[in-house]
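Each value in this text was obtained by applying a stated rule to the coordinates, not by laboratory testing. Everything quoted here is computed from the prediction, not taken from an experiment. Here the Cβ positions follow ideal geometry from the backbone for every residue, glycine too, while neighbour counts run over all protein chains shown.
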Amino acid sequence: MTMLVRFKEISLAFGDQKILVNANFTIESQERVCLIGRNGAGKSSTLKLVTGEIEPDEGEIFLAPLLRSAMLEQSLKRASERQVKDVVAEGMSDQVARIQAYQQLAEEAEPRKGILKEMEKLESMIEAGGGWSVDARIDATLSQLELPSSQKLNTLSGGWQRRVALARTLVSKPDLILLDEPTNHLDINTIEWLENEVMRFPGAVLFVTHDRSFMERLATRIIEIDRGNMRSWPGSYRKFLYEKEKANSEEDRHNKLFDKKLAEEEVWIRQGIKARESRNEGRVRTLETMREVRQERIARPKKPRIHLNESNEISGRKVIEARNISHSFGGQSLIKNFSLRVMRGERIGIIGNNGIGKSTLLRILLGELQPDKGSVKLGTNLQVAYFDQLRRELDTTKTVAEIVGEGRDYIDILGKKKHVVGYLTDFLFSAKRAMTRVAALSGGERNRVILAKLFTKPANLLVLDEPTNDLDVETLEALESKLVEYRSTIIAVSHDREFLDRAITSVLVFETDGKINRYAGGYSDWTSQRRKLAAPGDSETTTFSIPNKSGQIPPSNTAPRKKLTYKLKLELEKLPEKISELEGLLVDQQAKIDDPGFYQQPYPKIQSELDELSSLKTKLEKTVDRWSVLEQQA
């Protein structure tokens, strides 16, 4: 593999805050490297260092000769009135400039010294960037991603706009693409589509994400930014978690031994006059060095500690009962004849694509919105804590402490008084940050403010509408752990597949049959049913449907399907049995890994079993995809 980027002893600080300290790392061709770290650790700054948007305070950054890199933008608002083809063409602007420069050199009447070398260099760059036929390259990319070239960007959904952004990134055939939180605010269909496109990309990828499923599937290496250092962890995210836990234990063991030795040396140096007169000067110098090492040690940041202020009031056994509810918005039917009974202690997740009606369903179930038809009855003794309501009411002119404490210095948590600033440190806010106005906070910090505020309220019904957006992984995992312990009722809307698997016991899914169906388990349990999510305005297919100017979904113009050959029919008949066999093997393999003693085995054995699990998942996915293709043609 070829080295594309290398950081050598890079240091970066913003004011008094040190981001990177003598950091080193490399990216090689065909790698998919995920940058992880807490909010503010320096992940986005690292991407900007790679692109040259910012310069390091110290150290050197080496880039491969003629390296072509491209950043996937999260928003294309400034181009909203332009046609899709024109937006994608922006990705070829450098290529166009090279071609124009080459043509100008070729047209010079009197060739000057060195002109041939300049032309050779430009020609090499043009060929590497996709060749001379810029329009053909743009059209090929539009076709590959199935984009409507003449459509205006502002007529497309957020998911389709992300497709356009990716096309603009890929059209120049970069060696390296950079992704900064690419799954933020995307629905599950779009996230999985993006995963597949990134997986197919032949170059290198450097990405930042809090989506653990996205990370687990794509990352070939993890770079962790921890206390200003960058440490490389080859392998997947799950392997990183295992190896990181071992490294933390080793760090704690080493520090404990070091501190014990330092304490012994401090006792020795403070002995009486006789001891000082005869003391070994080398030992004294060693002690001084140990003191310096101890002083420079940076403690591992404490983990978030989330407390759920569960109500002492027990709700009625029946929490919510919805009967035959139907609701439309803007002439589009969102919910049809839906009935649901929510019992005390259930943890229900709501899954569906953007614009399908998830938040509307949530508001109807809470009595905030009256359905067009049907009825909703709330149970007795309900105390509701609603995440999205607090998000809507967030006053950005107030400080974090004022928002959470509501003007009080002390708040009541689990029956005990706690200072609001001390409480906020559990949500990773320093004392200084707790006194900062909300307007100055990042998206992740604002979500932590809402969670901190939400969990001060005694509640026996917790309602969460996209609570995981912008949260760092540590906070996500702390939140999940507490939700699992929560004994009362939870209803949550989320696109975070890992969250839905860990914190939820049943799911309501907006599916292609136009119904909201309920399944036991989390997201993975639902996917095993081989069902599909409905797309807005389309109750029969989950493929991306592009609205026309009137906002309607145009009819499909696909060609008639060919009939299956005898050989393909035989293959189709055997596939269900093969799928069933693979599912059984996958269940058995997962049971091995879930065994409490699994990670006590030697590392080669652990890795072998994890590789086998990954291989089975890939085989099952490919087999199901093949079955789906043949079934549609049958």
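Step through the table entries K173/K303; K48/K303; K569/K592, compare each Cα-Cα distance with 31 Å, and write down the pairs that go over it. Beyond 31 Å between Cα atoms: K173/K303; K569/K592. Counting only DSSP beta bridges with both residues in the chain, the antiparallel share comes to about 55 percent. Restricting attention to region 318-527, close to 60% of DSSP beta bridges with both partner residues there are antiparallel. Here the ratio of the Cα radius of gyration of region 1-128 to 2.2 N^0.38 Å is 1.38.
Over 23 Å between Cα atoms, which of K244/K617; K246/K432; K578/K617; K85/K121 qualify? Cα-Cα > 23 Å for K244/K617; K246/K432; K85/K121; rest within.
Across the chain, the fraction of Cα-Cα pairs farther apart than 50 Å, rounded to a whole number, is 20%. Straight-line reach from K377: taking Cα to Cα under 15 Å and skipping same-chain neighbours fewer than 8 places apart, the aspartates and glutamates in range are E321, E368.
Taking 0.36 nm per residue of separation and subtracting the Cα-Cα distance, full extension of the segment from R323 to T565 would add 82.3 nm. Using a/c under 1.5 as the rounded threshold, could you call region 3-239 rounded, prolate or oblate? The axes a ≥ b ≥ c are square roots of the C-alpha gyration tensor eigenvalues, and prolate needs a/b larger than b/c, oblate otherwise. Oblate. Helices assigned as whole DSSP H runs in the chain whose Cα atoms extend at least 30 Å along their own long axis and whose mean Kyte-Doolittle hydropathy is -0.5 or higher are found at 566-594.
Ignoring aspartates and glutamates fewer than eight residues from K113 along the same chain, the ones with Cα atoms less than 20 angstrom from its Cα are E123.
Each 5 Å bin from 0 upward holds the following percent of the Cα-Cα pairs of region 318-527: 1, 7, 15, 18, 19, 15, 12, 8, 4, 1, 0. Computed from the Cβ-Cβ distance with R0 of 45 Å, the FRET efficiency linking E281 to Q607 stands at 0.35.
Take the Cα of L241, step 7 Å along the line toward its Cβ, and report every residue of region 173-202 whose backbone nitrogen sits under 12 Å from that point. Answer for this model: none.
Spacing of the modelled spin labels on A140 and R305, each 7 Å from Cα toward Cβ, amounts to 5.9 nm. Quarter the surface of the alpha carbon convex hull of region 436-543 and you get the mean projected area, 8.5 square nanometres.
For a 28 Å ceiling on Cα separation, which of these pairs sit above it: K18/K261; K302/K417; K358/K574; K18/K302; K152/K373? As for pairs spanning more than 28 Å Cα to Cα, those are K18/K261; K358/K574; K152/K373. Here R6 and K457 are evaluated by their C-beta separation; at R0 = 45 Å the FRET efficiency comes out at 0.35.
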